[in-house]
Amino acid sequence: MSLLEISNLRVAYDSPAGTVMAVDGVDFSIEPGEFVGLAGESGCGKTTLAMSIPQLLPRMARITEGSIRFDGQLISDLNEEQMKPFRWKDISVIFQGALNALNPVQSIGSQIQEPIRVHDSSVNEVQAHERMCDLLEAVGIPAKRALDYPHQFSGGMRQRVMIAMALACQPKLVIADEPITALDVMTQAQIMDLLRSLCDKFDLSMILISHDLSVLAQTCDRVAVMYAGKIVETGRAEDVFGNDGAKSRADHPYTQRLLKAYPNINHERVFIDGIPGMPPDLSQPQHGCRFADRCDLAIARCASEEPRLSNFGNNHQVACHVATPPGANYS
Amino acid sequence: MNDVTPTHPTGMVRQLWRLGLGRAGIIILIAVAFAAIVGPMIFPFDPAAVGADASSILQAPGNGHILGTDELGRDVFSQLLTGARISLFVGVMATIISTIIGASLGIFAGYYQGPADTVLMSITDFFLVVPALPLMIAMGAIFGQNLSIIILVIGFLSWPRTARIVRSQTLTLRERQYIPRARSLGAKNMRILRVNILPHVMPLIIANTILVVAGCILSEATLSFIGLGDPDRISWGSMLHFSFVSGAIGRGAWWYFLPPGIGILFVVLGFTLAGQALEQITNPRLAADV
Amino acid sequence: MPYIARRTLTLLSSIVAIVTFNFLLFHIIPGDPIRLIARSQHLTADEIAKLHHEYGLDGSLFSQYLTYLKNLLHGDLGFSFTYQEPVIDIVKRTVGNTALLLTTSTLIVVIAGVLIGVFAGSRHGKRSDSSTVIAALVAWSLPTFWVGMLLVFTFGVWIGGLPISGIKTPHAIYDNIFQKWQDIGMHLILPTLTLAIVDIAFFVIISRTSLIEVMSEDYMLTARGKGLSRRTIVWGHGFRNALLPVLTASVLYISALVGGAIQVEVVYSWPGMGLLTYNSVLSRDYPVLEACFLITAVAVLVANFATDLLYHKLDPRVGVQK
């Protein structure tokens, strides 16, 4: 049984301009101990998808269809009070922008300790304090800094604090929302290594959201690519991105264009193509493939019929009419 | 400041109307303005006409006196309508002076910065800290009690707040990209101020101004109550002053001390509601409330 | 503590500025202050000349200023013509009463105002929030002195039941100190209530706005994500942060409080510095008026100083060298 099973999820945002379907029919699952990347450009729905799991969506958003099952239990129809026991204890979040996500007037130590005692009343103060120090050491922060305030840390260290805090209650699933976007390249690498090693060490599952594919390629077991509220490609990282130096085996045209947008240091210097056009307006109903009007390979069928995820072997799924599984013959 | 923020007055009024609070504010203000302008033309009595004999003192409403008479037998309702004019006049005039000074200094300090800014802001902060009413009382006592001086005194103590707000906004605007670009195109400072900065500071100035009017009207009322109002004019504050010192409260003459206070309350409330609603419109961070 | 030192320096320079301003306002701008006094007291030419010399007013501007400063430092605030005694003695009699009134009111106003404001803010969008806002806006638009008049009428004339004048019952004899304070307490009720009605509104509006802004901050989402109870989220995380802008805004409040106190003391004949100010205006007793203004202004400066220090203590981000 999968740790997390999302089936046919639809999430709508009510705005003055109309209802926007930010997530429009998504199936997604994670196994225990799996490190999954969720990729896509801004506005594709990846944060909405992830935040609907612990039901931390903003007020104007709601789940309209579909289900989310965690450890077999249906959690998508729970109300706020019923969700609280799951939050942090089973599912925790590393938010984007660590400076604002930490309470500026509270020491980092007490912020890390806070959820420990809330979710487990059998833990006393001494034990909670010890656990907090262990967590700080695990993320590479000296325990004596527990009394310091968030503004006294650099960006990278604040992110480590967020990670320590997310692990406080030994969750089964951690959602990391763009955890390294605001950091410099060196720190990015350190944080990614840290996340990967913690995931392995504590045997937890992680959903890593990012628009930076190079980051996902290096650390994730599996990757799902989202576009305009739907998952268009999913599979093992090496299947979707291809090994370093080898030709990419991504099969969805959108993923291919995304990968082309990143220069490869081993290849010849080429001009980078952006993807012309804009993502569709999700307040309008969609027909056919949502990427069709920006796609080079689009055929007539793409405009009228929405492609479904089909298997390309090795659990590699692609939703495209034009892409063909490897080994098939071209005429 | 986003594109939704209206910079044109009619746009602002339209948005104001949509907000419940703003609508209430506008309605109140229109009613008061009507009463102030039209009222004195239709009132039945001369507000200064003293009563004929002792029996006409502090009469309850009746005998053609809608709101009864005061301690000298004068008609309260007529005084109320006349008083509206003075209260509003002083409030608005003081605000105009205060806004002109405050906005000019604020823009100047925010745009040119440097030593001029430091000096201006020190002066501004000084007057922000000095308690307003005691200073107004002191100045009123020293400089005299005619209407112009009162207007100047009240206006003089209201400009610091405007200056601070305008300066903040100017500082923010100054950092926007089109300012250095305009300058590199050869635009002189005055032109930049007029074309680029002023239109974007205007909504803020207007919202702040309306709130300042509320404060000035309250200040005038308080000064008159203390006894520092213009003795030749009737204002709501002076009516309350006389009702207090003549012992009307002890005699239960509610028709004398209730209406002027209610009048002040409504006018101040009207400006406050409209001003708060306008602030919401020009500062989107405060979001939609009531 | 470099911050405290810096702030104290600012306080001292502000006090010097206020003293100088006071000097200019009462001695220079109106011209000859003796002339002001002479006008109200109908002095003879000889008496005027004598006063000129006594007050060192026949010297240069700067020497007058120095004399003024010297007198201040010796606690000499001048001589009151209406009371016929040194101003400092009158002040000593009255300042305590005003302090009592202000302290009681501030405690009530701040505690009640912030609690109501935070409560309303946490219910943003609901009916209890909207009605609180409207009530606060109406209360804030009320003239303090008029509220006093209404309360005097209600509890003094109409319904009765509460004392409406002075600080103690006239000619009262007390068996013990407890009785005396009970009497004072009864007299304190209406003046405090009058001040409170208008000023609570200020804190309700400010703390509500502050809490609403804080609620939209990212760390509030983190708190929600941790599965904390609503009470912990609002009061444990939101409150502390929302309090900071409230402290900053209370600088305005202190100024308004002092103005309100004058009005209240007039309406209730409360024997404090506010009533003293009022009487000195009526009788044009400028030395008294001057002393009232100076003391009030300096008190406000000191109160702001204390508020700043409190803010510095509560916000760990402040105090870093710029």
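Of everything in the stretch B:128-144, what is hydrophobic (A, V, I, L, M, F, W, C), more than 7 Å from chain C (Cβ to nearest Cβ) and more than 20 Å from the chain's Cα centre (by Cα)? Give them in sequence order. Matches in the stretch B:128-144: B:F143 only. Is it true that some residue in the stretch B:269-281 is of a type in the set (A, V, I, L, M), over 17 Å from the mean Cα position of the chain (by Cα), part of a helix (DSSP H, G or I) and at pLDDT below 90? Within the stretch B:269-281 (the criterion being of a type in the set (A, V, I, L, M), over 17 Å from the mean Cα position of the chain (by Cα), part of a helix (DSSP H, G or I) and at pLDDT below 90), the answer is yes, since at least one residue qualifies. Scanning the stretch C:142-167 for residues that are assigned to a loop (DSSP other than H, G, I, E, B), over 30 Å from B:C216 (Cα atoms) and either at the interface with chain B (Cβ under 7 Å from one of its Cβ atoms) or more than 22 Å from the chain's Cα centre (by Cα) (or both) gives C:I159, C:G160, C:G161, C:L162, C:P163. If you check B:G247, B:G261, B:G237, B:G252 for being within 10 Å of another protein chain (Cβ to nearest Cβ), outside any helix (DSSP H, G or I) and farther than 22 Å from B:W159 by Cα, only one passes: B:G252.
To keep it simple, each residue is scored yes or no on (1) surrounded by 22 or more Cβ atoms within 10 Å (Cβ to Cβ); (2) modelled with pLDDT of 90 or more; (3) assigned to a loop (DSSP other than H, G, I, E, B).
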| position | (1), (2), (3) |
| --- | --- |
| A:N8 | no, yes, no |
| A:G43 | no, no, yes |
| A:G66 | no, yes, no |
| A:R69 | no, yes, no |
| A:E81 | no, no, no |
| A:S92 | yes, yes, no |
| A:Q96 | no, no, yes |
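A residue that is surrounded by fewer than 16 Cβ atoms within 10 Å (Cβ to Cβ), out of contact with any Lys or Arg (no Cβ under 6 Å at 6 or more places or on another chain), at pLDDT below 90 and outside any loop (DSSP other than H, G, I, E, B) can be found somewhere in the stretch C:113-128. Comparison of A:L194, A:L135, A:L208, A:L198 shows that the only residue that is in contact (Cβ under 8 Å) with a residue 40 or more places away in the chain and crowded, with 21+ Cβ neighbours inside 10 Å is A:L208.
Does B:S122 satisfy the criteria of being touching a residue at least 60 places away in the same chain (Cβ under 8 Å) and of a type outside the set (A, V, I, L, M, F, W, C)? Here the answer is no, as B:S122 does not meet what is asked. As for the stretch B:3-13, it holds at least one residue that is part of a helix (DSSP H, G or I), modelled with pLDDT under 80 and of a type in the set (V, I, T).
Against the definition (within 13 Å of another protein chain (Cβ to nearest Cβ), within 27 Å of the chain's Cα centre (by Cα) and not in a helix (DSSP H, G or I)), how does B:G229 come out, yes or no? When the stated conditions are applied, B:G229 passes them.
None of B:I97, B:I66 is on the phi < 0 side of the Ramachandran plot, away from chain C (no Cβ under 14 Å) and touching a Gly at 6+ places or on another chain (Cβ under 7 Å) except B:I97. In the list C:L252, C:L289, which residue meets the criterion of being buried (at least 22 other Cβ atoms within 10 Å of the Cβ), facing chain B (nearest Cβ under 9 Å), hydrophobic (A, V, I, L, M, F, W, C) and in a helix (DSSP H, G or I)? Selected residue: C:L289, the only one of C:L252, C:L289 that is buried (at least 22 other Cβ atoms within 10 Å of the Cβ), facing chain B (nearest Cβ under 9 Å), hydrophobic (A, V, I, L, M, F, W, C) and in a helix (DSSP H, G or I). If you filter the stretch C:215-249 down to residues that are of a type in the set (S, T, Y) and assigned to a helix (DSSP H, G or I), you find that the one that is surrounded by the most Cβ atoms within 10 Å (Cβ to Cβ) is C:T222. Restricting attention to the stretch A:138-160, the residues being surrounded by 16 or more Cβ atoms within 10 Å (Cβ to Cβ), more than 28 Å from the chain's Cα centre (by Cα) and either farther than 11 Å from A:G109 by Cβ or in the same structural domain as A:I180 (by TED's automatic domain parsing) (or both) number 0. Looking across B:S78, B:S55, one residue alone is modelled with pLDDT of 80 or more and over 22 Å from the mean Cα position of the chain (by Cα). It is B:S78.
Rundown of residues vs (1) over 25 Å from A:I68 (Cβ atoms); (2) touching a strand residue (DSSP E or B) at 6+ places or on another chain (Cβ under 7 Å); (3) modelled with pLDDT under 90, yes/no style:
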| position | (1), (2), (3) |
| --- | --- |
| A:I175 | no, yes, no |
| A:D200 | yes, no, yes |
| A:I209 | no, yes, no |
| A:D212 | yes, no, yes |
| A:Y227 | no, no, yes |
| A:G235 | no, yes, yes |
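Taken as a whole, the condition of being surrounded by fewer than 22 Cβ atoms within 10 Å (Cβ to Cβ), at negative phi, in contact (Cβ under 8 Å) with a residue 12 or more places away in the chain and not assigned by TED's automatic domain parsing to the domain that holds A:M226 applies to A:V105.
The values are calculated or read from the model by the stated rules, or taken from the named source; none is laboratory data. Nothing here was measured: the structure is a model prediction, and the numbers come from that model. Cβ coordinates were reconstructed from backbone atoms using ideal geometry, including for glycine residues, and neighbour counts include every protein chain displayed.
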